[in-house]
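Below is one structure, written out as structure tokens, with a few remarks after it.
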Amino acid sequence: MAITGISKRADYLGVCSSILCLLHCLIPPAIILSSNALGSWFDHLWFDVFFALISATAVYLTTRNQPASWINLLLWASLGSLILGMFFEDLLVMRMLSYVAALGLIFGHLVNIRFALRRA
């Protein structure tokens, strides 16, 4: 099955969104230490919801026309783990789960791009 334009763009959107999400998770501790005003901007719930919606859209568009595969499972499991980690981010283990989930989304989208290019 050849990769469609929407699916290809969804993979790139997913990679970019996951990288930005990961940076959003890693950078605030340094910003909070340096400036309380800037740090509070990064902690708003709307920012987390924004990344979750972009990631969910990218995963949906990527997997909607794909046959069931381990990549689809990885993408959906990573998205679910990311959202779960966001809700319970006060717990260290859940924060770590969010980091791993973001890396899983990046990896899943990159592998899907590579496999799609091979099929084309």
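Where a number appears in this text, it was derived from the coordinates with a stated rule and is not lab data. Worth saying up front: this structure is predicted, and the values here are computed from it rather than measured. Note: ideal-geometry Cβ built from the backbone for every residue, glycine included; neighbour counts use all protein chains shown.
Listed values, structure above:
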{"read-out": "By average C-beta atoms within 10 angstrom, highest first, the peptides 88-97, 74-83", "value": "74-83, 88-97"}
{"read-out": "Gained length - LEU26 relative to SER69, 0.36 nm times residue gap less alpha-carbon distance", "value": "12.4 nm"}
{"read-out": "Ordering of 104-111, 64-71, 45-52 by packing [mean C-beta count within 10 Å, highest first]", "value": "104-111, 45-52, 64-71"}
{"read-out": "FRET efficiency, MET96 to ARG9 (Cβ-Cβ, R0 30 Å, nearest 0.05)", "value": "0.50"}
{"read-out": "Length gained when the stretch PHE50-ARG118 is fully extended (0.36 nm per residue, less Cα-Cα span)", "value": "21.3 nm"}
